[in-house]
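The values are calculated or read from the model by the stated rules, or taken from the named source; none is laboratory data. Not measured: the values here are computed from a predicted model. Virtual Cβ from ideal backbone geometry, glycine too; neighbours counted across all protein chains shown. Please note that ligands, DNA and RNA were not included when accessible areas were found on the heavy atoms of the full protein model with its side chains. Shrake-Rupley method; radii C 1.70, N 1.55, O 1.52, S 1.80 Å.
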Amino acid sequence: MYVDFSELFHQSSKDRSGEGRVKIPLDPAAWPKEWTEIEYKAYPRFPKVPLAGEDPSGDLWDAIRGRASQRDFTARPLPLRDISLLLKYSCGTFAGTRRAQPSGGGRYPIEAYPLIFVGSDGIPSGVYHYNVREHALDSLWERAFTESDAAELFTYPWAQQASLALVLTAVFRRNQAKYGERGYRQILIEAGAIVQNVYLVSQRLGIKCCAIDGVVEPAIEKLIDVDGVSESVLTSIVLG
């Protein structure tokens with residue numbers, strides 16, 4: 001009997017409790033030492049080739065240097081233009097089918113769902129899907145979000161002050177029909193590339209963002225109306 005271990009892993013690693021599978025104290029002072037120390041690998045006995053050169057200047061270099069997770073959100077609406085740029089330059093298309101992120105085999109399994117917590121005249125609060133081909137937002141459900149609504153989706157209190165959350169899902173068959181279980185690795189790599197793009201574009205636009213792992217996947221999957229098996233949540237980023 002064939003068992004798809006990638007599906008088994010993905011389903012068994014979901015947070016179904018709403019309290020976080022890993023209990024991490026909100027106060028960093030309570031964290032053990034190994035959570036706070038950065039480790040480096042080195043080969044002291046081997047010769048070294050010094051890497052030198054003056055740091056370049058420009059938008060890309062400045063964005064990489066300034067990239068950071070920031071959680072002090074203001075619960076203010078983001079301009080529609082910023083949301084448009086954020087989506088296009090993180091996972092949108094250029095010159096036909098070419099996209100902002102690399103994708104194993106050009107299968108593009110990732111779908112993006114903006115949850116607009118704080119709406120504006122240009123875009124009401126609600127649940128949206130990023131229509132890549134048309135560079136447009138499919139309005140799935142216009143609705144208000146309260147802080148308690150956000151708390152049912154994300155386990156960290158600071159997420160409740162975000163302007164929007166960008167939920168990334170995977171349609172697994174797009175990769176795995178070609179690459180089998182190994183396609184799962186490619187899906188995760190692609191999601192990581194999109195997250196980095198979101199960070200860089202956000203830094204350039206002056207938007208605070210933070211990738212968040214405290215996510216109640218079943219609640220979000222119900223909200224965006226995906227089955228959680230053939231298409232399921234991979235990760236989310238909150239912005240504001």
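Quick rundown of the values:
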read-out	value
Stokes-Einstein D for the range 43-181, Kirkwood Rh over Cα pairs, 10 °C, 1.306 mPa s (µm²/s)	88 µm²/s
Where labels lie 7 Å past Cα in the beta-carbon direction, separation of Arg98 and Ile189 in nm	2.0 nm
Dimensionless Rg ratio for the range 102-236, taking C-alpha atoms and the 2.2 N^0.38 Å reference	1.05
Leading residue at positive end of dipole, the range 67-178 (Cβ point charges), from Gln160, Gly92, Pro77	Gly92
Cross-link reach list, lysines versus Lys208, counting only Cα pairs under 24 Å and skipping chain neighbours closer than eight places	Lys88
For the range 5-74 and the range 162-196, distance of Cα centres in Å	19 Å
Surface accessible to a 1.4 Å probe, per residue, for the residues of the chain, Å²	60 Å²
Reachable aspartates and glutamates, given that their alpha-carbon falls under 15 Å from the alpha-carbon of Lys14 and they are not under 8 places away in the same chain	Glu152, Asp213, Glu217, Glu221, Asp227, Glu231
Semi-axis lengths, Å, the chain, gyration tensor of Cα atoms, sqrt of 5 times eigenvalues	28, 24, 23
Label zone at Asp55, where the point sits 7 Å out along the Cα-to-Cβ direction: the range 194-237 residues whose backbone N lies under 17 Å	200, 203-204
Cα extents of the range 1-90 along the three principal axes, largest first (Å)	52, 50, 42
Apportionment of accessible area to carbon and sulfur, the range 1-86, percent (1.4 Å)	58 percent
Within the accessible area of the range 185-237 (1.4 Å probe), percent carbon and sulfur	51 percent
Label-point separation, Ser12 to Arg81 (7 Å along Cα→Cβ), nm	5.0 nm
Those GluC sites (Glu not before Pro) in the range 1-98 that DSSP places in a loop and that have at most 14 other beta carbons within 10 Å	Glu19, Glu37, Glu39, Glu54
Per residue, the convex hull volume that the Cα atoms of the range 35-81 enclose (Å³)	165 Å³
Using distinct alpha-carbon pairs, which all enter the 1/r mean, Kirkwood radius of the range 188-240 in Å	12.2 Å
Under 14 Å from the Cα of Lys33 - aspartates and glutamates, other chains or at least 8 residues apart	none
Given 15 as the ceiling on other Cβ atoms within 10 Å, longest exposed-site-free region of the chain for trypsin sites (Lys or Arg not before Pro) in DSSP loops	144-240
Rounded to the nearest 10 Å², the accessible area of Phe46 at probe 1.4 Å	120 Å²
Accessible surface of Phe154 - all protein chains present, 1.4 Å probe, nearest 10 Å²	0 Å²
